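Student: Encoded as structure tokens, here's the structure I'll be asking about.
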Amino acid sequence: EEEKQKSQDLENKLKHVMADFQNLSKKTQSEIETGVNNKISQLMLEFLKIYDDFIRAKEVLSVNEENSKGLDSILKNMDSLLLANNVLPIDAIGEIFDPNLHEAISIIDDPKLDDNTIVKEIRKGYISHNRVIRPSLVEISKKQGENKND
């Protein structure tokens, strides 16, 4: 009887140790994934600075159709790199301002639009792994006569 109880106790301890090990394994895996995703996001944020510069250069140089085709090809490769790393653009124009996704840098009076409608995107924002890595810089609308400091 005593041996049976010891065996049962050891079996219960083993189950607890196995459960603890599985929980630790899941937690470790989750922390590794989070760390990797954070590093990818940091790298992609740095890449986005180069990407923005490239788009500005393309706008200047695209008066020549030959330049434009070559630059479009490079831009397509850059877009593929972003997509492959789960970096997605944030929709902005026509959307309602969301402080979690957008950063308003100016306000315009427009009685035809609902308040806080994004009318212009100054700089594209991006998300990666359901986290904002760079908010969109936007211009939003306010109806005339309303306090702009709301």
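Student: Taking the Cβ of Ser73 as the centre, find all other residues whose Cβ is under 15 Å away and add up their charges (Lys, Arg: +1; Asp, Glu: -1). Show your work: numbers first, answer last.
Tutor: On the way: positive: Lys58, Lys69, Lys76; negative: Glu65, Glu66, Asp72, Asp79.
Surrounding charge for Ser73 is -1.
Student: GluC sites (Glu not before Pro), restricted to segment 81-150: which are DSSP loop and have at most 15 other Cβ atoms within 10 Å? Intermediate values should be presented prior to the final figure.
Tutor: Details: sites: Glu95, Glu103, Glu121, Glu139, Glu146; in loops: Glu95, Glu146.
Within segment 81-150, the qualifying GluC sites (Glu not before Pro) (loop, at most 15 other Cβ atoms within 10 Å) are Glu146.
Student: Could you tell me the ratio Rg/Rh of segment 40-92? Both radii from Cα atoms, Rh via Kirkwood.
Tutor: On the way: Rg = 12.1 Å, Rh = 11.9 Å.
Rounded to two decimals, Rg/Rh equals 1.02.
Student: What distance in nm separates the two pseudo spin-label positions at Lys112 and Lys58, each 7 Å out from Cα along the beta-carbon direction?
Tutor: About 2.9 nm, to one decimal.
Student: Right, here's the next one. Between Gln8 and Val119, what is 0.36 nm times their sequence separation minus the Cα-Cα distance? Round to one decimal in nm.
Tutor: Using 0.36 nm per residue and subtracting the Cα-Cα distance, I get 33.0 nm.
Student: Something else: So if I place +1 on the C-beta of Lys and Arg and -1 on the C-beta of Asp and Glu, and nothing else carries charge, what would the dipole magnitude of segment 88-150 be about its Cα centre? I want it in debye, nearest 20.
Tutor: 280 debye
Student: Calculate how many DSSP beta bridges within segment 88-150 are antiparallel, expressed in % of all such bridges and rounded to the nearest 5.
Tutor: 60 percent
Student: Collect residues whose amide H, placed 1.01 Å from N in the peptide plane, falls under 5 Å from the amide H of Ile90; neighbours closer than 5 in sequence don't count.
Tutor: Gly125, Tyr126, Ile127
Student: Hey, which of these cross-link pairs are over 18 Å Cα-Cα: Lys112/Lys142; Lys49/Lys76; Lys69/Lys124; Lys120/Lys143; Lys120/Lys142?
Tutor: Numbers: Lys112/Lys142 9 Å; Lys49/Lys76 16 Å; Lys69/Lys124 22 Å; Lys120/Lys143 16 Å; Lys120/Lys142 13 Å.
Cα-Cα > 18 Å for Lys69/Lys124; rest within.
Student: Treating the beta-carbon of each Lys and Arg as +1 and of each Asp and Glu as -1, no other charges, what is the dipole magnitude of segment 1-71 about its Cα centre, to the nearest 20 debye?
Tutor: Working: 11 positive and 14 negative charges, 20 e Å.
Magnitude of the dipole: close to 100 debye.
Student: Let me ask something else about it. With charges only on Cβ, +1 for K and R and -1 for D and E, what is the dipole size of the chain about its Cα centre, in debye, rounded to 20?
Tutor: 300 debye
Student: Step through the residues of segment 56-67 one at a time and calculate ³J(HN,Hα) from phi using the Karplus curve (6.51 cos²θ - 1.76 cosθ + 1.60, θ = phi - 60°), rounding each to whole Hz and writing x for Gly and Pro.
Tutor: 4, 5, 4, 4, 6, 8, 7, 5, 8, 4, 4, 4
Student: What number, in nm² with one decimal, is the all-direction average of the projected area of the convex hull of the alpha-carbon atoms of the chain?
Tutor: Seen from a random direction, the Cα hull of the chain projects 15.6 nm² on average.
Student: Assuming 1.002 mPa s and 20 °C, estimate D for segment 88-150 with Stokes-Einstein, Rh taken as the Kirkwood radius over Cα pairs, in µm²/s.
Tutor: Approximately 182 µm²/s, per Stokes-Einstein.
Where a number appears in this text, it was derived from the coordinates with a stated rule and is not lab data. Owing to the predicted nature of the structure, the values given are computational and were not obtained by experimental measurement. Quick reminder, even Gly has a Cβ in these numbers, built from the backbone with ideal geometry, and neighbours come from all protein chains shown.
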